[in-house]
1. Among the residues in segment 62-77, are any under 19 Å from Ala110 (Cα atoms), open to solvent by 20 Å² or more (accessible area, probe 1.4 Å) and at pLDDT 95 or above?
2. Which numbered condition trips up Arg50, out of (1) assigned to a strand (DSSP E or B); (2) out of contact with any Pro (no Cβ under 6 Å at 6 or more places or on another chain)?
3. If you check Gln62 against the conditions, is it under 14 Å from Leu102 (Cα atoms), over 11 Å from the mean Cα position of the chain (by Cα), polar (S, T, N, Q) and outside any strand (DSSP E or B)?
4. Go through segment 23-61 residue by residue and tally those that are exposed (fewer than 12 other Cβ atoms within 10 Å of the Cβ), over 21 Å from Gly92 (Cα atoms) and not polar (S, T, N, Q).
5. Out of Asp104, Asp90, report the one residue that is charged (D, E, K, R), assigned to a helix (DSSP H, G or I) and open to solvent by less than 90 Å² (accessible area, probe 1.4 Å).
6. Of the residues Glu52, Glu21, which is farther than 12 Å from Gly105 by Cα and modelled with pLDDT under 95?
7. Being assigned to a helix (DSSP H, G or I), surrounded by fewer than 17 Cβ atoms within 10 Å (Cβ to Cβ) and touching a helix residue (DSSP H, G or I) at 6+ places or on another chain (Cβ under 7 Å) is the requirement here; does Leu115 meet it?
8. Report the residue count in segment 63-96 for those that are among the basic types (Lys, Arg) and touching a residue at least 40 places away in the same chain (Cβ under 8 Å).
Amino acid sequence: MADDPLSELRGGAMALPEVHEVEAWATPTFRVRNKMFAMYIPVGRHGVKRPEVLVKSTLMNQQLMVQMDPDRYFVPPYMGPGGWVGVYLDRGLDWLDVAELLVDGWKMVAGKTLLKQYPI
């Protein structure tokens with residue numbers, strides 16, 4: 001596990017165009033024009049036992065990831081029905097996989113104008 005998973009996560013999220021961080025529900029969230037695409041949940045918050053990030057996704061991708069690796073990905077309570085996917089941020093995590101998920105989540109909320117300006 002990274003010494004500080006929030007620093008790793010923050011670095012990946014804040015590298016995306018026009019992203020800003022907002023504390024909500026006593027935890028860091030990452031947004032584009034006030035639309036959230038990722039939320040960090042530290043150990044101890046909301047009963048969490050492992051650090052995790054919730055990332056905006058589609059129901060199809062969520063289901064595929066959870067089926068592919070249920071020890072790494074999960075359907076988060078409350079946000080899961082909307083397609084969000086949870087990722088545990090420990091135990092041999094590949095941060096490149098997280099970065100790809102962050103880009104996908106960013107694309108879902110960025111809007112047409114930003115997608116044209118920043119074709120990533």
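1. No, every residue in segment 62-77 fails to be under 19 Å from Ala110 (Cα atoms), open to solvent by 20 Å² or more (accessible area, probe 1.4 Å) and at pLDDT 95 or above.
2. So Arg50 meets the others, but not (1).
3. yes
4. Qualifying residue count, segment 23-61: 6.
5. After ruling out the rest, the residue left standing is Asp104.
6. Glu52
7. yes
8. 1
The values are calculated or read from the model by the stated rules, or taken from the named source; none is laboratory data. Keep in mind it's a predicted model, so treat the numbers as computed, not measured. Virtual Cβ from ideal backbone geometry, glycine too; neighbours counted across all protein chains shown. Heads up: the accessible areas ignore ligands, DNA and RNA and are worked out on the full protein's heavy atoms, side chains in. Shrake-Rupley method; radii C 1.70, N 1.55, O 1.52, S 1.80 Å.
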